[in-house]
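Contents: one structure, followed by commentary.
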Amino acid sequence: MKKRSLMVFLLFMGYAVVYLDKTIIGFALLPIEKEFHLLPEQLGYITGMFFLAYSLFQVPAGWLNDRIGFKKVLCCSLLLLGGFALCFGLLGFSLGLLVTFRFLSGMGHSGYPTACAKAVVANFPLEQRTFTQSILLSSAGLAMTVGPLIAVYLLAHLGWRGSFSGLGLVAFAIMIAVLLLVPNPPKTADEKSAAAAVSYKGLLKNPIVILLFISIFCINIPAYGLLAWLPKFLVQQRGMPIGTSSLVVAAGGLGIWISSLGSGWLVGRYLQGREPLFVCCSSLLSALCIWLVFISQTALVSSVFLFIGYIFLMGSFVTVFTLPMKRLQTEVIGAGMGMINTGGTLGGFIAPIAIGYLVTLSGNYTTTFIFLAMAMVVSGLIVLPLAGKPRHQLSPEGI
């Protein structure tokens with residue numbers, strides 16, 4: 001039990017660094033825009049290319065988890081994301097280099113979520129997986145609660161280059177701790193033969209994989225769209241000081257933190273088998289709150305609606321992200337999670353670039369917030385075909 005708790009703590013800290021990286025970039029776009037005189041769509045490519053790489057390497061990373069084990073993938077992921085965060089800060093002297101280093105950093109990030117999911121499935125029984133995974137995902141709330149405050153402080157004292165350089169060093173430290181302290185259970189011969197017998201093409205035909213792919217794609221459009229552009233919107237459109245905007249974003253992070261743990265506990269204990277209905281209701285309520293954030297005129301009101309909106313958004317995300325752990329076989333959970341999370345990272349790729357173009361074309365953020373709210377509506381409605389269906393697992397032969 002003690003070893004499992006230590007493993008969860010280290011995975012949580014690694015996840016916190018992953019999400020902190022995504023939080024800091026939203027604030028770093030402001031000084032980067034001034035330094036390089038970039039247009040909104042160019043800023044969108046800096047964040048968008050990160051998610052493109054994240055998407056492209058999700059399935060290969062999941063496959064590696066099933067083949068070489070989650071510990072090796074965790075260490076490689078932390079090594080790459082730390083190294084390219086350093087490069088972004090120390091060597092990013094042009095738009096091309098900034099985009100390239102963020103793309104390579106996304107490649108490093110791609111292995112972390114699937115490796116964590118594999119670690120949870122390998123070490124925890126079915127009834128404990130949702131809550132355990134929700135603990136790891138709550139690191140997003142930690143990163144978004146303290147991340148904006150850290151980002152503003154670091155940007156003021158170290159600049160955006162020093163901020164990313166320091167983040168890279170922290171990632172290296174966590175990688176060393178994972179390498180030394182996290183166990184990697186050896187595969188048995190039976191597990192190897194079962195994994196070899198699985199038809200990965202069957203995963204592509206599985207309705208669970210397809211519908212959850214679309215749902216998490218839509219959820220991550222506002223999740224990462226707001227992460228990348230909300231500070232800029234609050235500063236430039238609402239006239240808030242950057243310090244005040246960080247407090248608004250931190251309020252949303254607090255909602256994520258609370259929701260990650262609360263949703264995992266609620267769904268794991270009371271809503272087994274009714275997860276799709278929970279996702280639908282949460283997504284629709286989140287869409288409403290996202291629109292209310294847009295029409296809010298004060299920092300306090302924006303903070304309240306962002307807090308509530310992120311509670312419902314994260315409730316949907318946690319439930320969608322953990323549902324495959326209950327319905328797919330352990331031998332294919334790495335690849336299955338990789339395929340589903342590819343939808344999420346594609347949403348993260350499309351959102352900042354699409355927002356950049358929407359802002360450029362319209363000159364305001366009205367169409368942007370309509371886009372974000374409608375994505376949440378679709379994320380909730382798309383999972384309804386799974387409601388009421390009995391749980392079933394993917395057989396080794398596929399579907």
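Beta carbons closer than 6 Å, at least 6 apart along the sequence or on distinct chains, pair a first residue in region 256-278 that is of a type outside the set (Ser, Thr, Tyr) with a second that is at pLDDT below 85 and in a loop (DSSP other than H, G, I, E, B) for 257/138; 261/138; 276/387; 277/387; 278/271. Within region 45-84, the set of residues being among the β-branched types (Val, Ile, Thr) and at pLDDT 85 or above comprises 46, 73. Residue 262 meets all of the listed conditions (1) open to solvent by less than 10 Å² (accessible area, probe 1.4 Å); (2) modelled with pLDDT under 95 but one, namely (1). Do we find that residue 50 is open to solvent by 10 Å² or more (accessible area, probe 1.4 Å) and in contact with a helix residue (DSSP H, G or I) (Cβ under 7 Å, 6 or more places away or on another chain) in this structure? Against the criterion (open to solvent by 10 Å² or more (accessible area, probe 1.4 Å) and in contact with a helix residue (DSSP H, G or I) (Cβ under 7 Å, 6 or more places away or on another chain)), residue 50 does not qualify.
For residue 23, all conditions in the list (1) open to solvent by 30 Å² or more (accessible area, probe 1.4 Å); (2) in contact with a helix residue (DSSP H, G or I) (Cβ under 6 Å, 6 or more places away or on another chain); (3) at pLDDT below 85 hold save one; what is the number of the exception? Residue 23 satisfies all of (1) open to solvent by 30 Å² or more (accessible area, probe 1.4 Å); (2) in contact with a helix residue (DSSP H, G or I) (Cβ under 6 Å, 6 or more places away or on another chain); (3) at pLDDT below 85 except (1). Are any of the residues in region 66-79 crowded, with 22+ Cβ neighbours inside 10 Å and closer than 30 Å to residue 232 by Cβ? Looking for residues that are crowded, with 22+ Cβ neighbours inside 10 Å and closer than 30 Å to residue 232 by Cβ, one finds at least one in region 66-79, hence yes. When the test is whether a residue is in contact with a helix residue (DSSP H, G or I) (Cβ under 8 Å, 6 or more places away or on another chain), surrounded by fewer than 23 Cβ atoms within 10 Å (Cβ to Cβ), among the small types (Gly, Ala, Ser) and over 16 Å from residue 355 (Cβ atoms), residue 61 does not pass it.
If you go through region 265-301 and keep only what is among the aromatic types (Phe, Trp, Tyr) and open to solvent by 70 Å² or more (accessible area, probe 1.4 Å), you end up with 265, 270, 291.
Has region 5-12 got any residue that is without any contact (Cβ under 8 Å) to a residue 12 or more places away in the chain, open to solvent by 30 Å² or more (accessible area, probe 1.4 Å) and closer than 30 Å to residue 157 by Cβ? Within region 5-12, one or more residues are without any contact (Cβ under 8 Å) to a residue 12 or more places away in the chain, open to solvent by 30 Å² or more (accessible area, probe 1.4 Å) and closer than 30 Å to residue 157 by Cβ.
Apart from one condition, residue 113 fits all of (1) within 14 Å of the chain's Cα centre (by Cα); (2) of a type outside the set (Asp, Glu); (3) open to solvent by 10 Å² or more (accessible area, probe 1.4 Å); the exception is (3). Tell me whether region 87-96 contains one or more residues that are open to solvent by 30 Å² or more (accessible area, probe 1.4 Å) and either under 15 Å from residue 19 (Cβ atoms) or acidic (Asp, Glu) (or both). The answer is no; no qualifying residue exists. Annotation note: Cβ proximity below 9 Å between a residue of region 136-149 that is at negative phi and a residue that is of a type in the set (Asp, Glu) (sequence gap 6+ or interchain) occurs for 143/21. For region 55-69, does any single residue satisfy the condition of being farther than 17 Å from residue 115 by Cβ, under 14 Å from the mean Cα position of the chain (by Cα) and part of a helix (DSSP H, G or I)? No - not one qualifying residue is present in region 55-69. Entry remark, region 116-131: residues being open to solvent by 10 Å² or more (accessible area, probe 1.4 Å) and under 20 Å from residue 259 (Cβ atoms) number 3 in total. Residue pairs whose Cβ atoms lie under 6 Å apart, separated by 6 or more positions or on different chains, with the first residue in region 83-111 and within 14 Å of residue 164 (Cα to Cα) and the second among the basic types (Lys, Arg) and open to solvent by 10 Å² or more (accessible area, probe 1.4 Å), are 89/161.
Yes or no: residue 172 open to solvent by 30 Å² or more (accessible area, probe 1.4 Å), farther than 28 Å from residue 258 by Cβ, in a helix (DSSP H, G or I) and aromatic (Phe, Trp, Tyr)? Considered against the rule, which asks whether it is open to solvent by 30 Å² or more (accessible area, probe 1.4 Å), farther than 28 Å from residue 258 by Cβ, in a helix (DSSP H, G or I) and aromatic (Phe, Trp, Tyr), residue 172 comes out as yes. Any residue at all in region 31-44 that's among the aromatic types (Phe, Trp, Tyr), more than 24 Å from residue 175 (Cβ to Cβ), assigned to a helix (DSSP H, G or I) and at pLDDT 90 or above? Yes, there is a match, as at least one residue in region 31-44 is among the aromatic types (Phe, Trp, Tyr), more than 24 Å from residue 175 (Cβ to Cβ), assigned to a helix (DSSP H, G or I) and at pLDDT 90 or above. Just one of the listed residues (5, 77) is touching a helix residue (DSSP H, G or I) at 6+ places or on another chain (Cβ under 7 Å) and of a type in the set (Gly, Ala, Ser), and it is 77. Look at residue 297 and say whether it is without any contact (Cβ under 8 Å) to a residue 60 or more places away in the chain, closer than 27 Å to residue 120 by Cα and not β-branched (Val, Ile, Thr). The answer is no for residue 297.
The values are calculated or read from the model by the stated rules, or taken from the named source; none is laboratory data. Just so it is clear, the structure is predicted and the values come from calculations on it, not from any experiment. A quick note on method: Cβ atoms are made from the backbone with ideal geometry, for glycine too, and the neighbour counts reach across all protein chains shown. These accessible areas exclude ligands, DNA and RNA; they are computed on the full protein's heavy atoms, side chains included. Shrake-Rupley method; radii C 1.70, N 1.55, O 1.52, S 1.80 Å.
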